[in-house]
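This report concerns only the one structure given below.
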Amino acid sequence: MKIAVLRETADAEPRVAATPETVKKLIGLGAEVAVESGAGVHASIADAAYADAGAAVGDRAATIAGAGLVLGVQGPTVADLPGIASGTTLLAILAPFADRARVDGYAQAGINAFAMEFMPRITRAQSMDVLSSQSNLAGYKSVIDAAEAYGRAFPMMMTAAGTISAARVFVMGVGVAGLQAIATARRLGAIVSATDVRSATKEQIESLGAKAIFVDSVKGIEGEGSGGYATEMSDEYKAAQAALVSSHIAKQDIVITTALIPGRPAPRLISDAQLASMRPGSVLVDLAVESGGNIEGSRPGEVVEVHGVKIIGHRNLAGRMAADASALYARNLFNLISAFWDKDGKAAAWTADDEIVKGIKLTEGGAVVHERLTA
Ligand code: NAD
């Protein structure tokens, strides 16, 4: 089977879906690999490195011609896939709720489109989970971005000229990104606190040496929550959370928000009045900015200043570390492909009734088939 690796065309997308390492591994499985020229340029991977790994490097049409499998980071439109054959499988982050017409286009073109972000949260699929691999890097980068924008130091410093106190960092939403943000802020010497609606995160926060700040008066989500995901909270919970945040946030220098609810806009966690209570020079990073934002006034792709505090709303935080993000994303794709590889046929064989395949397959045989899109 020929596997094609695309150069990303989406705005501000510097990642790439394969690296020389995964190209070699795919060839090791018996695949033929073609990479579009320039695909790795923003992830510091030259065409020559792909060629050395054994890939054919060429233009888009030559790359796609005859491929049974096409790999991308963000979903291309069908118009971006010249000459793609009916029956070809596409693996990428497809954002079907943001752009349904593109997904319908895959169905019409006979493409079997698999959305990597729909990967089920089961142990077997952990190594294929792009949301985890990319969120982890985003959590790290959010703290680095905050530290850069903060006009003070993170660690306590005792100098001959006097003592500088440690920065206070508050992380709201303790999933994959939040946990990495806590760990990174701790490594930089900050005093860290964190909150979530899922009770299972309390122990995780404390195990990283941070203080857990939780609503006690109203019940949150027991344990991990369904599949590790949160749901929208009651008005009573929201009011109790707002009161808790108001009293805590005025003492914080840095706030990182990562709270998401699948299929819904991100919950609003910080109001303009709460921002006004913070010390001038404080920095907030809103990782949920592209899903509607956790912070009032945050804007996708912008750094906004209000009441003397900065709100960072960078898009695609993982993409700001394109080399590492690509390396992990490419391994996620390889792990998926190799798990379904038919050694004798030297091709991917997507077992129709497998939980993973059912979880990620959006289109097949000319139709949209995923239950979240057909219901
Ligand atoms: P996410 O990106 O969906 O959300 C980020 C965090 O925001 C979550 O912890 C969520 O509980 C929290 N949140 C939502 N609403 C909130 C609110 N109003 N206030 C405060 N916090 C709020 O989550 P995620 O990073 O994808 O991971 C969530 C969990 O799933 C983690 O425990 C992770 O370990 C688990 N997980 C498991 C697998 C697997 O088993 N394969 C893979 C990925 C993640």
Open item on the list: Just to check your reading of the model, which residue among 153, 149 is touching a residue at least 60 places away in the same chain (Cβ under 8 Å), of a type in the set (Gly, Ala, Ser) and away from the ligand (no atom under 16 Å from the Cβ)?
Closed with: 149
- [ ] Select from region 63-76 the residues that are touching a Phe, Trp or Tyr at 6+ places or on another chain (Cβ under 9 Å) and either over 21 Å from residue 340 (Cα atoms) or open to solvent by 10 Å² or more (accessible area, probe 1.4 Å) (or both) and list them in ascending order.
- [x] 75
Task: Failed condition for residue 227, given (1) farther than 26 Å from residue 152 by Cβ; (2) assigned to a helix (DSSP H, G or I); (3) more than 9 Å from the ligand (Cβ to nearest atom) - done: (3)
Task: Which numbered condition residue 249 fails, given (1) buried (at least 18 other Cβ atoms within 10 Å of the Cβ); (2) free of Cβ contacts under 8 Å to residues at least 60 places away in the same chain - done: (2)
Task: Sole residue being in contact (Cβ under 8 Å) with a residue 40 or more places away in the chain, in contact with a strand residue (DSSP E or B) (Cβ under 6 Å, 6 or more places away or on another chain) and either outside any loop (DSSP other than H, G, I, E, B) or charged (D, E, K, R) (or both), chosen from 143, 169 - done: 169
Open item on the list: Please go through (1) modelled with pLDDT of 90 or more; (2) closer than 26 Å to residue 118 by Cα; (3) more than 10 Å from the ligand (Cβ to nearest atom); (4) open to solvent by 20 Å² or more (accessible area, probe 1.4 Å) for residue 236 and return the number of the only condition it doesn't satisfy.
Closed with: (2)
Open item on the list: Whether any residue in region 134-154 is of a type in the set (A, V, I, L, M), open to solvent by 40 Å² or more (accessible area, probe 1.4 Å) and touching an Asp or Glu at 6+ places or on another chain (Cβ under 8 Å) is what I want to check.
Closed with: no
Open item on the list: Of all residues being within 21 Å of residue 242 (Cα to Cα) and out of contact with any strand residue (DSSP E or B) (no Cβ under 6 Å at 6 or more places or on another chain) in region 176-207, which is least open to solvent (accessible area, probe 1.4 Å)? Just the residue, please.
Closed with: 201
TODO: Kindly provide the set of residues from region 175-203 that are over 18 Å from residue 260 (Cα atoms) and either of a type in the set (Gly, Ala, Ser) or touching a helix residue (DSSP H, G or I) at 6+ places or on another chain (Cβ under 8 Å) (or both), ordered by number.
DONE: 183, 184, 185, 188, 189, 190, 192, 193
- [ ] Please go through region 195-224 and pick out each residue that is part of a loop (DSSP other than H, G, I, E, B), hydrophobic (A, V, I, L, M, F, W, C) and either within 21 Å of residue 123 (Cα to Cα) or more than 8 Å from the ligand (Cβ to nearest atom) (or both).
- [x] 200, 208, 210, 213, 214, 215, 218
TODO: Filter region 325-375 down to residues that are assigned to a helix (DSSP H, G or I) and at pLDDT below 95 and give me whichever is least open to solvent (accessible area, probe 1.4 Å).
DONE: 373
- [ ] Please tell me if residue 33 is touching a strand residue (DSSP E or B) at 6+ places or on another chain (Cβ under 7 Å) and assigned to a strand (DSSP E or B).
- [x] yes
Open item on the list: Take the residues in region 252-298 that are open to solvent by 20 Å² or more (accessible area, probe 1.4 Å) and not in a loop (DSSP other than H, G, I, E, B); name whichever of them is farthest from residue 224 (Cα to Cα).
Closed with: 276
Open item on the list: Here's a check for you: in region 96-116, which residue that is surrounded by 15 or more Cβ atoms within 10 Å (Cβ to Cβ) and within 16 Å of the ligand (Cβ to nearest atom) is nearest to residue 331 (Cα to Cα)?
Closed with: 116
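The values are calculated or read from the model by the stated rules, or taken from the named source; none is laboratory data. The model shown is predicted, which means the values in this text are computed figures rather than measured ones. Don't worry about glycine lacking a Cβ; one is built from the backbone with ideal geometry, like all the others, and counts go over all protein chains shown. Heavy atoms of the whole protein, side chains included, go into the accessibility calculation; ligands, DNA and RNA do not. Shrake-Rupley method; radii C 1.70, N 1.55, O 1.52, S 1.80 Å.
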